[in-house]
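Beneath this line is the structure, given in structure tokens, with notes to follow.
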Amino acid sequence: MGLDEEINQGANAERVLGDISPYFDMVEAAILTAWKKSPVSDEKGQHELRLMLKLLDDLKANLNTAIQSGKLASVQIERENIIDRAKNVVRRFA
């Protein structure tokens, strides 16, 4: 994947996270409420609720990783641009 693609993915991830972030807390609260209300004997149900929490955390982590990758790609492009400009200056004086 190219740097421009990473920047675009990061921007998209940031937009998605901004759009759905308020709902993460509501979903997490609903899962925790269901877990608290579940009978102790319902091991399978509790396990599935725990998996839902893990999936929610993984989704947040993946979005944040994409955001950070996009920001790093942007920094890398800027760095490459600075190096190219410096090379052009050196060529003029060489």
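The values are calculated or read from the model by the stated rules, or taken from the named source; none is laboratory data. In this text, all values refer to a predicted model and were calculated from it rather than measured experimentally. With ideal geometry, Cβ positions are generated from the backbone for all residues, glycine too; neighbour counts draw on all protein chains shown.
Computed values, structure above
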read-out	value
Residues (in a helix (DSSP H, G or I) and either touching a residue at least 40 places away in the same chain (Cβ under 8 Å) or of a type outside the set (A, V, I, L, M, F, W, C) (or both)) located in the range 25-44	ASP25, GLU28, THR33, LYS36, LYS37, GLU43, LYS44
Pair list, Cβ < 9 Å and 6+ apart or interchain, from the range 78-93 residues that are part of a helix (DSSP H, G or I) to residues that are at pLDDT below 95	GLU80/LEU3
Residue within the range 62-85 that is surrounded by fewer than 14 Cβ atoms within 10 Å (Cβ to Cβ) and of a type in the set (Gly, Ala, Ser) present	no
Extreme residue, modelled with the highest pLDDT, among residues of the range 12-58 that are under 24 Å from GLY70 (Cα atoms), of a type in the set (A, V, I, L, M, F, W, C) and exposed (fewer than 14 other Cβ atoms within 10 Å of the Cβ)	LEU55
